[in-house]
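Some notes on the structure that comes next.
The values are calculated or read from the model by the stated rules, or taken from the named source; none is laboratory data. All values reported here derive from a predicted model rather than from experimental measurement. Cβ coordinates were reconstructed from backbone atoms using ideal geometry, including for glycine residues, and neighbour counts include every protein chain displayed. With ligands, DNA and RNA removed, areas are computed over all heavy atoms of the protein, side chains included. Shrake-Rupley method; radii C 1.70, N 1.55, O 1.52, S 1.80 Å.
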Amino acid sequence: MDTGEKLRRGGGRLCCICNDRRAALKRPKTLQQICRECFYAVFEEEIHQVIIKNQLFKPGERIAIGASGGKDSTVLAYVLSELNKRYSYGLDLFLLSIDEGITGYRDDSLETVKRNELQYGLPLKIISYKDLYGWTMDEIVKMIGLKNNCTFCGVFRRQALDRGAALLKVDKVATGHNADDIAETVLLNILRGDIARLSRCTSITTGEDGPIPRCKPFKYTYEKEIVMYAYFKKLDYFSTECIYSPNAYRGFAREFIKDLERIRPRAILDIIKSGEDFRISTSTKMPEQGTCERCGYISSQKWCKACVLLEGLNRGMPKLGIGRTRGMSSDQMKNPKPTGAAKNIESKQCGSLDF
Amino acid sequence: MACNGSACQSGCYRDGYEAATPGDGAAATAPDNGNGNATTNGLCVKCKVNEVFSDGGGGAGDDGRFCAECFRSNLFGKFRHAITSNAMIAPTDNVLVAFSGGPASRVALQFVHDMQYKAQKNFDASRDRSLPVFGVGVAFIDESAASAPSSDKVMDMAIKDIKSIVLELAPPTKELHIFSIERLYLGDSNDQRNKLKEVLDAVTDPTGKEDLLGHLRMLVLQKIASENGYTRVVLGSCTSRISCHVISATVKGRGYSLPADIQYVDARWEVPLVLPLRDCLAQELNMLCRLDGLKTIGLPYETCHTINSLISTFVALLQEENPSRESTIVRTAGKLNPFAFNRIPEIKDINVPLATRRRQKRSNIKLNGSISSESFCPMCYCPIMPTELGILKAQEVSSDSFDASCCSSCRFQILPQDPTRMEDFYSNLPPLLVARATRRNPPDPSSLREHIQDYLLLDSENEE
């Protein structure tokens, strides 16, 4: 609306941090007008502080960065390798990518990750659904159509990431979930009545009792700032939407958060703060964790979700494990209504935050 | 686990069933079996005699499945259940209904009246007249001083309507308190108006201004109640309203204090607040107003673009997409731990019949033993998280200063960001609010006593 005005006003204004260079951007988180160099500095420093304060990494650890080739994981890989050098974290960093086998989407984004491997000098490991499960997403979609396909993809990815991490023998996986993602998850868990997930979804490290913990160094980093950082740094990332879930970013909750951010940028941080402060009894029951009798992966049931889904695929009964079977309530919740409704409340069926 | 057996009657695979009863919300406790047919035949799912009444709206809450009579009794049932199961109103109480003129508080007034009317009939019929009838008063807050100058005529008309609504209710008569919000200040009416304007104008954030007005409204209710001997304040907060509050508190970073505001009872005030319409949807209340011709008054207060208005639009959209969404939101937030003050304080007065005290003791919520001495934000009166309080104390040199004791949300959206303007702002706050701030939330001795009760040998402190 006021690009002209902004140009005029911003034209001569100095960066309010260094008071030296000309302001080049309005910082989405605080609306401060600052220069590019100061933006890089505060952006990186905030992430460094998050890492230090939450003791995300210990010296000598092997860390896998979940790399999709998208903006979040690309910026994460870049920033982590920078900070690792600058502050001598002493980490061995790796890129870990999952090849779901989606032609026209993942094959292209994997090219980006392969370039990142060279650009940042981080070794890359690619785990494919085909190798792990014998099915590509293309084949799965051919069989089951475009309903519930995100359930398969999400369940399979969660396990694939863990198996890849085990192969790399890493101590931890870092993912690129940003503040907007976490705020959205908090809201969604309220909207869905999922108190157990509500209590967990704001923790910066999850799965500490499991084999390989995961952490989110971008927990307090705004999506807009990540885009801005990638844009100014001219980072090489891939920005096409998944062809099987093209409208994944247009959920009600996501739009609501964007609207909130317009009125009050701080709202995203406030939602996360609320999520952290909620008075939830620690006695909230968690499903007992066991191991899958078939593949040995962690599971609360006899078979893990991936094995149930896989069994359905292999027996030609792909509906197995999907839909209104009470015992599978946790994953049923993720896809509340696979109807033809134009919009869902949720934006990302894939890449859910819960591990 | 999964009901794969053919004998399973739970109906979870019958897709058609769900489509036929879109109003089957989570809160509804309709019989599970056999109502599919009744609905398609257009008969009430409860009495199976009368036809379902339709109002065009349909699909929301319990309407569209009930006949008018069952709808009414179901809604009143939810209200009465909230009252009795939380010991909200005892026969000795004097109840003040906060009436805004909107449908929710109109229904609250009607239902409280119905209950009082029944109690009076029982009283008249009983021989020993041991159970007194609780008293009812009505409060209306005139906020015209806080909004843009609208014509006095509109407010005069509204007040006239309200008077007639209260008058038309059958006896026992109810006292009506009409209170202009600026009367929180001392001085003549011009002074009052100016001071209120100044304090509101100092709040630059529109959401903050709206919320501040809400806090002042609560102060007014407390003032009316305590000055006129009321023992309960009835609010018309319905599920829809509360679900919006859940989201807005979350968005404002008030996750810690959120459970304090959304329970049936909120006794952190001198006169406890009760929310008997907590389980009723706004659609249902609107419907009842239309059905029974209950007159409501829409006041022409301006609506501005705030976080709160954005949230009501969002929740309305979600509710449209799924008619049980609002109930789910309130149910989720209901699982957060309430505070010690979210129950009616136990009656110690020996003049109150023993039966009443016993009933109250039985129905009150049980706390899991944690003794709590909360600190409250002097602005919005929300409990402050202990860790946040620690940070505050560490940061500020004088932790006694007003702004240092406020919660982070109020500091951001209500208090002036410029510290030099703080003093001005503080001096313009209503004396009642300031008085609260200077009182240093002492621990409630009676609640402390309750915890050591079993170990005390003497009955009262005086005997020592």
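Yes or no: B:THR231 open to solvent by less than 20 Å² (accessible area, probe 1.4 Å) and in the same structural domain as B:THR313 (by TED's automatic domain parsing)? Steps first, answer last, please.
Numbers: open to solvent by less than 20 Å² (accessible area, probe 1.4 Å): no; in the same structural domain as B:THR313 (by TED's automatic domain parsing): yes.
When the stated conditions are applied, B:THR231 does not pass them.
For the structure I just gave you, tell me whether A:LEU122 is surrounded by fewer than 17 Cβ atoms within 10 Å (Cβ to Cβ) and outside any helix (DSSP H, G or I). Considered against the rule, which asks whether it is surrounded by fewer than 17 Cβ atoms within 10 Å (Cβ to Cβ) and outside any helix (DSSP H, G or I), A:LEU122 comes out as no.
For (1) under 13 Å from the mean Cα position of the chain (by Cα); (2) farther than 30 Å from B:ARG72 by Cα, each residue gets a yes or a no:
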| position | (1), (2) |
| --- | --- |
| B:ASN194 | no, yes |
| B:GLN222 | no, yes |
| B:VAL233 | yes, no |
| B:ILE247 | no, no |
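Look at B:LEU96 and say whether it is at pLDDT 90 or above and closer than 16 Å to B:PRO272 by Cα. Talk me through it step by step, then tell me what you get.
Values: at pLDDT 90 or above: yes; closer than 16 Å to B:PRO272 by Cα: yes.
Here the answer is yes, as B:LEU96 does meet what is asked.
Screening A:LEU146 against (1) over 18 Å from A:ASP131 (Cα atoms); (2) open to solvent by less than 20 Å² (accessible area, probe 1.4 Å); (3) out of contact with any helix residue (DSSP H, G or I) (no Cβ under 9 Å at 6 or more places or on another chain) leaves a single unmet condition, (2).
Is there a residue being open to solvent by less than 20 Å² (accessible area, probe 1.4 Å), within 9 Å of chain B (Cβ to nearest Cβ) and assigned to a loop (DSSP other than H, G, I, E, B) anywhere in the stretch A:285-298? Scanning the stretch A:285-298, I find no residue that is open to solvent by less than 20 Å² (accessible area, probe 1.4 Å), within 9 Å of chain B (Cβ to nearest Cβ) and assigned to a loop (DSSP other than H, G, I, E, B), so the answer is no.
To keep it simple, each residue is scored yes or no on (1) closer than 18 Å to B:GLN222 by Cα; (2) surrounded by fewer than 21 Cβ atoms within 10 Å (Cβ to Cβ); (3) assigned by TED's automatic domain parsing to the domain that holds B:SER180.
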residue	(1), (2), (3)
B:ARG80	no, yes, yes
B:ASN86	no, no, yes
B:ILE89	yes, no, yes
B:ASN94	yes, yes, yes
B:ALA98	yes, no, yes
B:PRO103	no, no, yes
B:VAL112	no, no, yes
B:TYR117	no, yes, yes
B:LYS121	no, yes, yes
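Might you check whether a residue that is under 25 Å from A:ASP99 (Cα atoms), assigned to a helix (DSSP H, G or I) and modelled with pLDDT under 80 occurs anywhere in the stretch A:333-355? Write out each step before concluding.
Applying the first criterion (under 25 Å from A:ASP99 (Cα atoms)) to the stretch A:333-355 yields A:334-335, A:338, A:346-355.
Checking the rest, the ones that are also assigned to a helix (DSSP H, G or I) come to A:334.
With modelled with pLDDT under 80 added as a condition, the list becomes A:334.
Yes, the stretch A:333-355 has at least one match.
Taking the criterion of being at pLDDT below 80 and over 14 Å from A:ASP194 (Cα atoms), the residues of the stretch A:267-287 that qualify are A:THR282, A:SER283. For the stretch A:267-276, a residue qualifies if it is farther than 14 Å from B:LEU258 by Cα and at the interface with chain B (Cβ under 7 Å from one of its Cβ atoms), and exactly one does: A:ALA267. Just one of the listed residues (B:LEU196, B:LEU176) is touching a helix residue (DSSP H, G or I) at 6+ places or on another chain (Cβ under 6 Å) and free of Cβ contacts under 8 Å to residues at least 40 places away in the same chain, and it is B:LEU176.
Of all residues in the stretch B:171-211, those being open to solvent by less than 60 Å² (accessible area, probe 1.4 Å), within 14 Å of chain A (Cβ to nearest Cβ) and among the charged types (D, E, K, R) number 2.
Can we say B:SER226 is in a loop (DSSP other than H, G, I, E, B), open to solvent by 20 Å² or more (accessible area, probe 1.4 Å) and of a type in the set (Gly, Ala, Ser)? Give the steps one after another, and end with the answer.
Working: in a loop (DSSP other than H, G, I, E, B): no; open to solvent by 20 Å² or more (accessible area, probe 1.4 Å): yes; of a type in the set (Gly, Ala, Ser): yes.
The answer is no for B:SER226.
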